[in-house]
1. For segment 204-220, name all the residues that are over 18 Å from Pro300 (Cβ atoms) and of a type in the set (Val, Ile, Thr).
2. Under 9 Å between Cβ atoms, at least 6 apart or on separate chains: pull out the pairs that start in segment 185-197 with a residue that is farther than 14 Å from Glu213 by Cα and modelled with pLDDT of 85 or more and end on any residue that is buried (at least 17 other Cβ atoms within 10 Å of the Cβ) and charged (D, E, K, R).
3. Failed condition for Glu24, given (1) free of Cβ contacts under 8 Å to residues at least 12 places away in the same chain; (2) surrounded by 16 or more Cβ atoms within 10 Å (Cβ to Cβ), with all others met?
4. Give the number of residues within segment 285-314 that are in contact with a Pro (Cβ under 8 Å, 6 or more places away or on another chain) and either open to solvent by 60 Å² or more (accessible area, probe 1.4 Å) or aliphatic (A, V, I, L, M) (or both).
5. Of all residues being at negative phi and not aromatic (Phe, Trp, Tyr) in segment 187-196, which is most open to solvent (accessible area, probe 1.4 Å)? Just the residue, please.
6. Would you mind stating whether Ser71 is at pLDDT 80 or above and crowded, with 16+ Cβ neighbours inside 10 Å?
7. What is the residue count in segment 142-180 for residues that are surrounded by 17 or more Cβ atoms within 10 Å (Cβ to Cβ), aromatic (Phe, Trp, Tyr) and assigned to a strand (DSSP E or B)?
8. Just need a number here: residues in segment 74-90 that are on the phi > 0 side of the Ramachandran plot and at pLDDT 75 or above.
Amino acid sequence: MEIAEVIEKLNLPYSINAVDQKGELWMPCPLPFGNHKNGDKNPSFSINLKNGKCYCFTCGGGGDLFWLVSSLMGTSFEDAKLWLKDMEVGIEDDDEFKKRIREKLRLQQLSQSISEIPQQIFSEDMIPEDLPYHPWLFSQGISKSTARYFKIFYDKKKDVIAFPHFWEGDLVGMQFRNLGHSFPKYYNTPNFPKKSTLFNYDRVDNDDAIVVESPKTAIVMHEQGYSNTIATFGASVNEEQLSYLRKFKTLYLWPDNDEPGKKALLTEIKLLKDYVDIMIVPPVNIPKGDAADIDRELIPEYLLRAQTYLRWKLYEKVY
């Protein structure tokens, strides 16, 4: 895995204005130290795509890739090393790495497409009424009716699938899936509130809910009849997000089958076990996979195999 893919896996809010001539990728500061009280409107954080070194020129935080993973995931330095090892990260020194990444990012094209969307100003007028459908959605097991339910649409001009995100009834951002060869595979509109909201939360009115990482997984689960599925926008869950889940009676926790997924599970258990009944769904049998990566008829089987928190704690062999 390349450093650019690590950045995507960590869900970093990388800037629309990309990489400079030195191979530095600029973005708003993602460090969780609370040193940007008014936000980081003029991106001051950079990470070198060649060696992983990073630094914030405003708050002064910085270090290598191990330090960044440790800081963002709240883990020890050794756990960060293990996580990166599990991700098969290779920190290369050759100049060809920078050239390859810069070509892969195609950030000028990405910048042009994102910059057309006003920051923090969203309206349902941005969603086309006819909601153009693309065969990629069918290939992912998402039907036209489900796409219309979530107001998903294909943007031919940008060659992306747009997944609108609603919170408390308002459109607060969009997540895009690139269909071309541009990097990243997924990206969000600027100032996307992924750390303070949950996908599909507004639509779930059950006593129980299934908690997954990816919005696409939640959409596939809806397609299969599990409309009570909520996504956390990745494995970097936090207390604010999880506090919203305390309204449910029972939660089925189903993170991805990888090291970040396991850490997300432990965080979810720690912050939710005193408020709701927890059921832990066994990981899918695909490395780094989730419920959207298995045969659809197997989803009920996995849910039936879910263990109570106490049983899971007793054996702890499910992960």
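The values are calculated or read from the model by the stated rules, or taken from the named source; none is laboratory data. Every value quoted in this text rests on a predicted model; they were computed, and no experiment measured them. In this analysis, Cβ positions are derived from the backbone assuming ideal geometry, glycine residues included, and neighbour counts consider all displayed protein chains. When the accessible area is computed, the model is the full protein with side chains, heavy atoms only, and any ligands, DNA or RNA have been set aside. Shrake-Rupley method; radii C 1.70, N 1.55, O 1.52, S 1.80 Å.
1. Pass one, segment 204-220, residues over 18 Å from Pro300 (Cβ atoms): 204-205, 207, 213-216.
Across segment 204-220, the qualifying residue is only Val204.
2. Matching pairs, first to second residue: Tyr187/Glu8; Tyr187/Arg177; Asn188/Lys194.
3. (1)
4. The number of residues fulfilling the criteria is 2.
5. In the first step, residues of segment 187-196 are kept if they are at negative phi; the result is 187-190, 192-196.
Pick out the ones that are also not aromatic (Phe, Trp, Tyr) and you get 188-190, 193-196.
Working: Asn188: 46, Thr189: 5, Pro190: 22, Pro193: 28, Lys194: 27, Lys195: 100, Ser196: 38 Å².
Top of the filtered list is Lys195.
6. Numbers: at pLDDT 80 or above: yes; crowded, with 16+ Cβ neighbours inside 10 Å: yes.
Yes: the conditions hold for Ser71.
7. 5
8. Residues of segment 74-90 that are on the phi > 0 side of the Ramachandran plot, as a first pass: 74, 88.
Filter once more, so that each one left must be at pLDDT 75 or above: 74.
The total comes to 1.
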